[in-house]
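Okay, structure first, notes after.
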Amino acid sequence: MKKVQNRQPFIAITGFCLVVSLLLSPTLSAQDQATEPAATQEAADGGAGSPCGPGDPVKGKQLFNQNCAACHALDRKMTGPALGGVATRLTEQEGLDCEWIYAWVKNSPGVIASGDAYGNRIYGEYSQAAMTPFPTLSNQDINDILAYAEAPPPAPVAAATPAAGAPAAGTSQGISNELILGALALVFALLVMMLFLVNRTLRRIAEANGVLTEKEKAAKGVPLWKAFAQNQFLVLVTSIFLLLAGAYFAYSWMMQIGVDQGYMPVQPIHYSHKVHAGDNGIDCKYCHSSARVSKTSGIPALNVCMNCHKSIYEYKGNPEGPSAEDLAKGYTNEFYTGEIKKLYAAVGWDEQNQQYTGDSKPVEWVRIHNLPDFAYFNHAQHVSVGKIECQTCHGPVQEMEVMYQYSPLTMGWCVNCHRTTNVQMEGNAYYEKIHEELAKKYGVEKVTAAQMGGLECGKCHY
Amino acid sequence: MHMASNKKYWKSEAELSPNDSIVEKLRQNEFPEEIPVDTFLGDKEQLGSSQTSRRDFLKYVGFSTAAASLAACEGPVRKSIPYVMQPERIVPGVANYYASTIADGFDFASILVKTREGRPIKIESNKQAGVLGGTNARVQASVLSLYDSTRLQGPRGADGDVEWDTLDAAVRARLSGMQGSGKKAVLLTQTYASPSTARLIAQFQEAFPGTEHVTYDAISEEAALAAYAAKYGERALADYDFSKAELIVSFGADILGDWQGGGYDSGYARGRVPKNGVMSRHIQFEATMSLSGANADKRVPLSPAGQKVALAHLYARLNGSSTSGELPEAAARALDSVVSAIGAKHGKAVVVSGLDDADAQAVVLAINEMLGSEAFDPAAPRYVRQGNQQAVAQLLADMQAGRVGALIMDGVNPAYTLPNAAAFAEAMTSVDLTVAFSTNWNETTELCNFTAAASHYLESWGDTQIKKGHYGLTQPVIRQLFDTRQLQQSLLSWMGSEQSWYDYINETWTAGILAGGDWNQALHDGVYVPGAMAMSDPEVASAPGADKENTAAANASDALSVPAIAEAVRRLAGASESGMSLVLYAKTGMGDGRQASNPWLQEFPDPITRVTWDNYVTVSKKDAGDLGLVNEHVANGGLDGSYVNLTVGGVTLSQVPVIIQPGQAEGTLGLALGYGKKVGMKSEMQTGVNAFGLYQDFSRQQTASIEKAAGMHEFASIQLHNTLMGRGDIIKETTLEIFNTEDAAHWNPVPQVSLNHQEVPATTVDLWDSFDRSIGHHFNMSIDLNACTGCGACVIACHAENNVPVVGKLEMRRSRDMHWLRIDRYYSSEETFAADNNKKDEFSGALESKSGFEEMEDAAANPQVAFQPVMCQHCNHAPCETVCPVAATIHSRQGHNQMAYNRCVGTRYCANNCPYKVRRFNWFLYSDNDEFDYNMNNDLGKMVLNPDVVVRSRGVMEKCSWCIQLTQKAILDAKREGRPVTDDEFQTACSNACNSGAIVFGDINDPESAVSKLKADARMYHLLEHVGTQPNVFYQVKVRNTNEA
């Protein structure tokens, strides 16, 4: 009876292993398929052109991106009109000739000044912002651009393919990882169970054979806890130790109350500092400009976002392509583009007509760095005068997909830095006299912020 | 033993009677009366039917406690909402300043408004303005009136809120319907002194013929206006520059208060600081102790009738003639010395009067003209008072006769400020349409058909001509908080004009005033003085070329008016009085009462009496004795005073509290206007009695009868001790003669202490080692007791800058005021402080000193007065720092004594150990607390808080920080721009607000700074120097110009 009973788990384990291996194998093969490089489509080439003559759309694309893309897109209005099929449109619908186009591109203010009807109409339509003249472009260059505008090479499609392929790979990778981990855990659990069963079986055998285990031997002497309880000195020492340890842990626990290091709230718009400060290398103080002059770094007003996002209406991926990790979290191009649309909704930007509707909805960001009211902190002092990098306190923001509080922002943390950081006296006329006196009186060249009074209560608490 | 056990103890006699039912009941029931359990448990029936058992109840309690403590561990989620479109000039965290002008009908001043993130938080002086560029306490406080939670939030009709369209339609219909009906429309307004408003009203009168414009000042300068008009042909007020006067003789003119629009203190103070041994001499004849009297070198208590006689005598004697009229002996002697002094000074002397008497004002003008006074400027007068009392009286008559079809009021509250307010209210019912523009609901709006919610001046456009040729612009610094509108905009709209009031002002200026000047520059500066004005405008006579002609004209008018003046002098000399003379005045804090719902001003201690939250009648000690009136200190530390009933011309004001005022002329009384407002005010703000009922014929000098009434009034006075008790080292003072002839060691001796049985200067003895403060900045503050007039602008500036809470009358009475800066006022017990010091020094023996000190507690009948602003002295060796158990107050190398609120545990040991008593304890939470329903208890009032300064909580000590936020900012600005800090950049709120230049703040490590030079001045001394605290605040010895005959 016993033996039969004991055999059953082994069968179960074998069965489980089979199921797991069966489950794993298709996943692995699927992964292989997905990671195979997708075939890239070659761009259609040659024989392209516009009503103004033949042009090289590949070269045209390059020129377009260099000169035009800041204000024009092919399929939508931006600062200037959409340029898709512009030559056909102008020649056929507006009755203009190619010479007009050349003249316009090379010197649009001149065309406007000459009183040209269409030129003035466009000028008025686009809030009287004249197009930058491009006198360096030759007629052939313009033809190339027009050719590209007439029939853009299907490069975007080609570019999109790897981007579209990658998420699939990333997703399957994510799933298989989980599966592998799950299977491993299962195997481990089975092993533990087996060990337990083996142990029990062996003990039963020992019992049946009348072998005395170690434990039973010990039970016959004085139990350990009793011996411990009888030794009063040991009890005293232990209780003192426990009390101290308890106090230590209680203190440490209490000291972290209100310290929100690592606080990483979900924001109403998924704004990625990694994309902006990291991938695109935008200076922190471009957006947080008030950090230079004010006590607050300032959450940028939405009009600052729109400086760039008037023309950047979609996310096209970072230069290295999206990482698998990002894709696993769902940070796809479409996702980011969706966040840009949230910005448009908040600021009231009508993409179609490229104008503000006036129907805005302020964004309620969740504040991450909360100093208590009784602590005064001034960004300008640290950023402009102290010349401290933003990252010193805010951490590697350029790598943060989601912003979080990097530093503890405790007084001890402030004070430690003040003790070790030298005051930036060089080249600041304010410090000239102080520096001179210090050198004369004490023979020191450098002083820390603390030595300049940076530890005084009243410098931050008033 | 046995005997003892038989002893019976009884609690009351009744117990001895065994059959007493009460005793039995008490024995059985612990609570003889039934305890109202049901009342506090609520509905008994519901309670009985409840399913909640005791055990469930405990479960709920336990659960909610656990939930509350768990929830407390989570920090709150805070939102940050940036601008959608950030305005170009607003940087969050950086203040913007805009130049503007206040012209609320009582106060006129060129100001700077400090705004943070678009909300005005502080008013400062516009130091660029040549005229009225100083801010007084009321102007400083006016920013809080913007955030008054009782402000009107939109137009109202008879039955509640209406739309502007409804109001406009009603007014338009009435105005056009009235044409040819024989009725007229009347605009009853405050003084605007606004060129554009004048032009607009003229146009309005053209559009609606027959419309009248009546200007009404609650506190009138009718007599001065009439006298000026008679002599110079224009209703205006002669201007004075007291910095040019070496002798100032005042007959009841409170030149440091609100006399003729006020704002004369900075010029006055400039002449009061001895330079090269010279300072001005000021002789004041007055009845009630005013700021000017307190600052005068010689003050002569004299009833208003006496002042008139004295003025008549002065004119006659200067003129070489004689006149009748008897003067009291002291006044006659004083007048003798005035006459001889004027003889010596001539053109350097000036005579002014505050008597509401056209004769007196005419005589004063004649005297100044006769002297050729340099301080007297009749050519470019002031326009800050335009009220015409005949016109107001005529208006009332017209209203009563039913000749007024529409009454449109702006900036006035006649139902409160008119002496015959009841008659006016009655007459208002005979007017077909009454509309009042007002920021607050008040006695007048209550009676109107429509109340037009008016914009606060910080939300308004406007322009002013405060003084001839001195223009100012008012610009909005915040968008209208509520649905409010200015009268001017409404007038434009009623006229059918599409123009905005801004465009209208711009048009006026471009067409006339600017004369080629730049509008934007004028708006930026807030003030504009046309350079070529005199050339383009032949009427203005301030240019040198036109002077001659004008003098000739003036002489001609003089020649004509000599008999008239002689007549006036004769009438003055014949002045007499029967009964008590009552002098009505405007308090430094309250003015005419238009800001009565401003808690800062209610809590502002009167500079003279140091009483807050009240007005009262001041009586002399002798009269108080005769009438049986008392002031007494009661056990809880408060000051109580008797009540009286005052009657003037049949009008009785009952239950007026009494303050016994040293220096009050015998037979005279004083009472402040502007109190006793009730309608539209929070109950806390309804303080004092309304004295406007006694302001008959718009004269501040009345004859009154007084009788004692029952009861005692509880005052909230924050200074109960009136004299210095001969402690000459607190306020050091000397006379100009001694100052000029003796060594500083004589009049400014360094206190001596005994060290090793040797007398040594206290400054050389030190318990502590000093830090080296020679590197970087070391701040010091100088307070010149000669320049300080006691006006208290600094007190309110400190309030605004440092989020000082308002604590209310009851707490003030308990001496729990929170003002970081106080201005102590001391009276001398003998005739002078010097006599006090001598008396104390000459005490011999304990008995004599006991009785002597008791005598010295009483101020003299006409005492010398001294003001001393005291804030934290920022001692280098501060006694407070050594006793703090948690090191919450520490010293900085820049000289600040710092207070870390978040570290303070509230032992109050520091306050006990402070020899200057400048520390303030937060007994309660003063923000978000219904018990203290002032500005910090509502969202609107909190908008005035300075975001750079924390709002302190209950249980912590606070005190003057020397506005470290301002010095830190000045330093940071310099660091950012990479340049040294200039001397004038270092300011505190008080030093910045001080118009008289008494408070100077700066860095003594900069040898060129003003404060370094003042520290080296021979007049410099420290408060309680013998204590050895080494304060960083120092004072300048007060010098009185009393030596000259």
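Every number in this text was worked out from the coordinates using simple rules, so none of it is lab data. Because the structure is predicted, anything quoted here is derived from the model rather than measured. Cβ: placed from backbone, ideal geometry, glycine included. Neighbour counts: every protein chain shown.
Look at A:SER127, B:SER373 and count the other Cβ atoms within 10 Å of each Cβ; fewest to most, that gives A:SER127, B:SER373.
Taken along the Cα-to-beta-carbon direction at a fixed 7 Å, the label points for A:THR132 and A:ARG203 span 8.2 nm. Listed from fewest to most Cβ neighbours within 10 Å, the set B:CYS880, A:CYS308 follows the order A:CYS308, B:CYS880. Within the shell of other residues whose beta carbon sits under 10 angstrom from the beta carbon of B:VAL619, the net charge comes to -1, with Lys and Arg scored +1 and Asp and Glu -1.
Within a Cβ distance under 13 Å of A:TYR442, other residues only, what is the Lys/Arg minus Asp/Glu net charge? Overall, the nearby charge balance is -1. Candidate cross-link partners of B:LYS127 among the lysines, defined by an alpha-carbon separation under 24 Å and a same-chain spacing of 8 or more, comprise B:LYS114, B:LYS244, B:LYS275, B:LYS467, B:LYS468, B:LYS969, B:LYS1013. When you count the other C-beta atoms within 10 angstrom of each residue and take the mean per peptide, B:814-827, B:748-761 line up highest first as B:814-827, B:748-761.
Counting only pairs 8 or more places apart or on different chains, how many lysine pairs in region A:249-336 have C-alpha atoms closer than 18 Å? So the count works out to 5. Partner lysines whose Cα lies under 21 Å from the Cα of B:LYS677, excluding those fewer than 8 positions away in the same chain, are identified as B:LYS587, B:LYS809. Placing unit charges on each Cβ (+1 for Lys and Arg, -1 for Asp and Glu) gives chain B a dipole about its Cα centre, and among B:GLY210, B:ALA375, B:ILE478 the Cα reaching farthest toward its positive end belongs to B:ILE478.
Straight-line reach from A:LYS361: taking Cα to Cα under 15 Å and skipping same-chain neighbours fewer than 8 places apart, the aspartates and glutamates in range are A:GLU339, A:ASP350. In loop segments of region B:935-1019 as defined by DSSP, the GluC sites (Glu not before Pro) with at most 11 further C-beta atoms inside 10 Å of their C-beta are B:GLU1008. Of the trypsin sites (Lys or Arg not before Pro) found in region A:417-462, the ones in coil according to DSSP and having at most 15 other Cβ atoms within 10 Å of their Cβ are A:LYS446.
Going by a ≥ b ≥ c, the root eigenvalues of the Cα gyration tensor, does chain B fall in the rounded group (a/c under 1.5), the prolate group (a/b larger than b/c) or the oblate group? Verdict is rounded for chain B.
Please compute the contact order of chain B in relative form: average sequence separation of alpha-carbon pairs under 8 Å and at least six residues apart, divided by the residue count, as a percent. Write out the running numbers ahead of the final one.
Details: 2161 pairs, mean separation 140.1, N = 1045.
Relative contact order of chain B: 13 percent.
The amide H of B:GLU958, built 1.01 Å from its N in the peptide plane, has B:ARG920, B:PHE921, B:ASN922 as neighbours under 5 Å, considering only residues 5 or more places off or on other chains. Considering only alpha-carbon pairs that sit under 8 angstrom and 6 or more positions apart, the relative contact order computed for region B:719-839 is 38 percent. Among the residues of B:504-515, the average count of other protein chain beta-carbon atoms within 10 Å of the residue beta-carbon is 0. For region B:921-985, the relative contact order works out to 32 percent when only alpha carbon pairs closer than 8 Å and six or more residues apart are counted. Near B:LEU237, once Lys and Arg are set to +1 and Asp and Glu to -1 for all other residues with Cβ below 14 Å from its Cβ, the sum equals -3. Only one residue of A:GLN398, A:ALA185, B:ASN740 has its Cα farthest out toward the positive end of the dipole of the protein assembly as shown, where Lys and Arg carry +1 and Asp and Glu -1 on Cβ, and that residue is A:ALA185.
Inter-chain neighbour count for A:295-301: the average number of beta-carbon atoms from partner chains within 10 Å of each residue's beta-carbon is 6. The Cα center of region B:975-1045 and the Cα center of region B:768-795 differ in position by 5 Å.
The chymotrypsin sites (Phe, Trp or Tyr not before Pro) of region B:415-504 include none that meets both conditions, a loop assignment by DSSP and at most 13 other Cβ atoms within 10 Å of the site Cβ. On the beta carbon distance between A:TYR442 and B:VAL760, with R0 = 45 Å, the FRET formula returns roughly 0.90. Given +1 at the Cβ of Lys and Arg, -1 at the Cβ of Asp and Glu and no other charges, the dipole of the protein assembly as shown around its Cα centre is 4540 debye to the nearest 20. Between B:ASP983 and B:ARG199, residue separation times 0.36 nm minus the direct Cα-Cα distance comes to 277.8 nm.
Mean per-residue shielding of peptide B:895-908 is 3, counting Cβ atoms of other chains within 10 Å of each Cβ.
Choose one of B:ALA95, B:LEU58, B:GLY105: the residue whose Cα lies farthest towards the positive end of the charge dipole of region B:49-124 (beta-carbon charges +1 Lys, Arg; -1 Asp, Glu; about the Cα centre). Selected residue: B:LEU58. Using a ≥ b ≥ c from the Cα gyration tensor of region B:360-484 (square roots of the eigenvalues), is it rounded, prolate or oblate, where a/c under 1.5 gives rounded and otherwise the larger of a/b and b/c decides, a/b for prolate? It comes out oblate by the Cα gyration axes. Specify whether the C-alpha gyration tensor of region A:303-359 places it in the rounded, prolate or oblate class, a ≥ b ≥ c being the square roots of the eigenvalues: rounded for a/c under 1.5, otherwise prolate if a/b is larger than b/c and oblate if not. Prolate, because a/c is 1.5 or more and a/b exceeds b/c.
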